[in-house]
Structures are given as C-alpha cells and as structure tokens.
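Visitor: First, the structure itself, so that you have it in front of you.
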Amino acid sequence: MRLILVGPPGAGKGTQAVFLAAHFAIPHISTGDIFRLNIKGETDLGKLAKSYMDAGNLVPDSVTNAMLEDRLTHTDAENGFLLDGYPRNVGQAEFLADVLVKKSIALDAVLELSIPHEEIIKRLSGRRTCRNCGASSHVIFDKPNVEGVCDNCGGELYQREDDKEEVVANRLNVYTEQTEPIIAFYRNLGLLKVINAVGDVSEISTHAIAALK
Ligand code: AMP
C-alpha cells in the first residue's frame, strides 16, 4: 500500500496515520515529525526549518523534497509507505510523481480527511503534543490522565509553537492556497478518496479502512 493522507492541520492526520500504518504494516512518514526531530537534535536542517514552522509557513520545496526523497530510499519503505503532511503543494506532488516514476512504483490512493475550519480552530488551540513520542492529546476533548504528562510514554506535553492561535490562522490560509490544489491534482488521477474527519476517532478509522478497500 502506497498511500498519502491529506487534510488541513488539525484534521487528525497524525492520529489516523499511526492507525493506518499499523493496519497496513507500512512506515508512517511525516515530514512535520522529521522536521521536529531535527529541531530537537539542533541539526542544520532543524535550524533552517524552525523559522518557517514557527510562523506556520511551508519549509522551501528544495529542502523538503530532498528530505522526502532520501526517506523513501530507506529499506522499510520498499514495499509501501504512508505519507502524512507531504505533498503540501502541487510542486511537491509533481516532484513525488517523478520520484515514483524513477522507482517504477505508483501510488494506490490519496485519502482526504475533510473537516470544517471552525472545528479545526477548536481542535488545534487545545492540542498538546508529547515532546518525547509526538503523540497528541487535547485539554478538553482528549484529556491525559495526568495533566501535562503523555499517556503513551510519560513524556512532557507542550503546545506546539504553530498551534498558537495567531499561527493557526496562517496555517489554514497556507492550506487553502497551497495545499488544497493537490486535491484536484489527485482527483484527476483517479486516486482520491474522501472521508468525513469529524467524530469519534475509531469511527473515522473504520471509514478510512472502508474507503481504502
Ligand atoms: P505538520 O506536522 O504536518 O502539521 O507540519 C508542521 C510544519 O512543518 C508545517 O506547518 C510546515 O512548516 C512544515 N512542513 C511539514 N511538511 C511540510 C511539507 N511537505 N512542505 C513544507 N513544509 C512542511
């Protein structure tokens, strides 16, 4: 299974990606997670990406494309992968198409998680992320057992710089202007499946599996 998950920030891509990657036994490749790991490790890539990310803007394509192409050469991606947060614009979608042609492989599906913007703002402003494992929780809708502590690994929960209200508005604009056009790109290729991303997490997972069958 070679799959792309697309949807606005806060649609639950990360949560569904973890579930779908386990279900199909494929690696979950999140460009956002790779950037955050580099920021944590204070690498040159992390230093470069940080200013774009903190403002809610896209990291330049040259950097992101090279990073993604390199990730796809790892052996775990040989028989399938799930891309979460990539491609983020038509240029990246075209770049990915070229990479896949070079490897003589093709995508199986692009799954869009569809959600109204009001719902996104509610979700993102209360989202907390684990510094250690990256798992998300929510201060109202998905409270951790102990405030500030990750249920998954005991790590510290924090609010991502780009989940702050003023940055969320910019991320939504970036999504509408730059990322949404890739939906038509993949619809034209006959790869697009759309599911409603509002509701119970496990129900959404069930819809995702049904859409991909
Ligand atoms: P995410 O975790 O997917 O919400 O990504 C967080 C941030 O990382 C984004 O707001 C961008 O600044 C950056 N980022 C992640 N993926 C990409 C991408 N494919 N192209 C450019 N920037 C990206």
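Visitor: Among the residues of segment 86-113, how many are in contact with a Phe, Trp or Tyr (Cβ under 9 Å, 6 or more places away or on another chain) and not hydrophobic (A, V, I, L, M, F, W, C)?
Guide: Matching residues across segment 86-113 total 5.
Visitor: Inspect segment 96-105 for any residue being part of a strand (DSSP E or B), in contact (Cβ under 8 Å) with a residue 24 or more places away in the chain and open to solvent by less than 10 Å² (accessible area, probe 1.4 Å) and give the result as yes or no.
Guide: As a first pass, look at segment 96-105 and keep what is part of a strand (DSSP E or B): none.
No, the conditions are met nowhere in segment 96-105.
Visitor: I would also like to ask the following. Do you know which residues across segment 113-159 are hydroxyl-bearing (Ser, Thr, Tyr) and either in contact with a helix residue (DSSP H, G or I) (Cβ under 7 Å, 6 or more places away or on another chain) or farther than 21 Å from ASN196 by Cβ (or both)?
Guide: Selection gives SER125, THR129, SER136, SER137, TYR158.
Visitor: Another question, then. Which pairs do you get when a residue that is surrounded by 13 or more Cβ atoms within 10 Å (Cβ to Cβ), found in segment 143-161, comes within reach of a residue that is in a loop (DSSP other than H, G, I, E, B) and among the aliphatic types (A, V, I, L, M), reach meaning Cβ atoms under 6 angstrom, with the pair 6+ apart or on two chains?
Guide: CYS150/ALA135; ASN152/ALA135
Visitor: Looking at segment 178-186, can you tell me whether even one residue there is away from the ligand (no atom under 16 Å from the Cβ), exposed (fewer than 13 other Cβ atoms within 10 Å of the Cβ) and not in a helix (DSSP H, G or I)? I'd like the intermediate steps shown before the answer.
Guide: Quick first cut of segment 178-186, residues away from the ligand (no atom under 16 Å from the Cβ) only: 184.
From what's left, exposed (fewer than 13 other Cβ atoms within 10 Å of the Cβ): 184.
Checking the rest, the ones that are also not in a helix (DSSP H, G or I) come to none.
No, every residue in segment 178-186 fails to be away from the ligand (no atom under 16 Å from the Cβ), exposed (fewer than 13 other Cβ atoms within 10 Å of the Cβ) and not in a helix (DSSP H, G or I).
Visitor: Of the residues that make up segment 83-100, is at least one touching a Lys or Arg at 6+ places or on another chain (Cβ under 8 Å) and within 14 Å of LYS13 (Cα to Cα)?
Guide: Within segment 83-100, one or more residues are touching a Lys or Arg at 6+ places or on another chain (Cβ under 8 Å) and within 14 Å of LYS13 (Cα to Cα).
Visitor: Next up: Just for segment 106-130: of the residues that are touching a residue at least 40 places away in the same chain (Cβ under 8 Å) and part of a loop (DSSP other than H, G, I, E, B), which one is nearest to GLY14 (Cα to Cα)?
Guide: Taking segment 106-130 as the starting set, the residues that turn out to be touching a residue at least 40 places away in the same chain (Cβ under 8 Å) are 106-117, 119-121, 123-125, 127.
From what is left, the residues that are part of a loop (DSSP other than H, G, I, E, B) are 106-108, 115-116.
Details: ALA106: 23, LEU107: 19, ASP108: 19, ILE115: 15, PRO116: 17 Å.
Of everything passing the filter in segment 106-130, ILE115 is nearest to GLY14 (Cα to Cα).
Visitor: Output the residue which, of all residues in segment 13-60 that are among the small types (Gly, Ala, Ser) and in contact with a Ser or Thr (Cβ under 9 Å, 6 or more places away or on another chain), is farthest from PRO116 (Cα to Cα). Lay out the reasoning, then the answer.
Guide: Residues of segment 13-60 that are among the small types (Gly, Ala, Ser), as a first pass: 14, 17, 21-22, 25, 30, 32, 41, 46, 49, 51, 55-56.
Imposing the further condition that a residue be in contact with a Ser or Thr (Cβ under 9 Å, 6 or more places away or on another chain) reduces the set to 14, 17, 49.
Numbers: GLY14: 17, ALA17: 20, ALA49: 28 Å.
Among those residues, the one meeting the criterion is ALA49.
Visitor: Search segment 194-213 for residues that are at pLDDT 95 or above and pair each with any residue that is in a helix (DSSP H, G or I) and polar (S, T, N, Q) when their beta-carbon atoms are under 7 Å apart and the residues are at least 6 apart or on different chains.
Guide: The qualifying pairs are ILE204/GLN16; SER205/GLN16; ALA208/GLN16.
Visitor: In the set LEU113, LEU189, which member is under 25 Å from ASN89 (Cα atoms), touching a strand residue (DSSP E or B) at 6+ places or on another chain (Cβ under 9 Å) and surrounded by fewer than 17 Cβ atoms within 10 Å (Cβ to Cβ)? Steps first, answer last, please.
Guide: Values: LEU113 fails: surrounded by fewer than 17 Cβ atoms within 10 Å (Cβ to Cβ).
So the residue among LEU113, LEU189 that is under 25 Å from ASN89 (Cα atoms), touching a strand residue (DSSP E or B) at 6+ places or on another chain (Cβ under 9 Å) and surrounded by fewer than 17 Cβ atoms within 10 Å (Cβ to Cβ) is LEU189.
Visitor: Select from segment 75-91 the residues that are open to solvent by 20 Å² or more (accessible area, probe 1.4 Å) and of a type outside the set (S, T, N, Q) and write down the one among them that is nearest to GLN16 (Cα to Cα).
Guide: So the residue we want is ARG88.
The values are calculated or read from the model by the stated rules, or taken from the named source; none is laboratory data. Bear in mind that the values here come from a model prediction, so they are computed numbers and not experimental data. Methodologically, a virtual Cβ is constructed for each residue, glycine included, from the backbone with ideal geometry; neighbour enumeration extends over all protein chains shown. Side chains included, ligands, DNA and RNA excluded: accessible areas come from the protein's heavy atoms. Shrake-Rupley method; radii C 1.70, N 1.55, O 1.52, S 1.80 Å.
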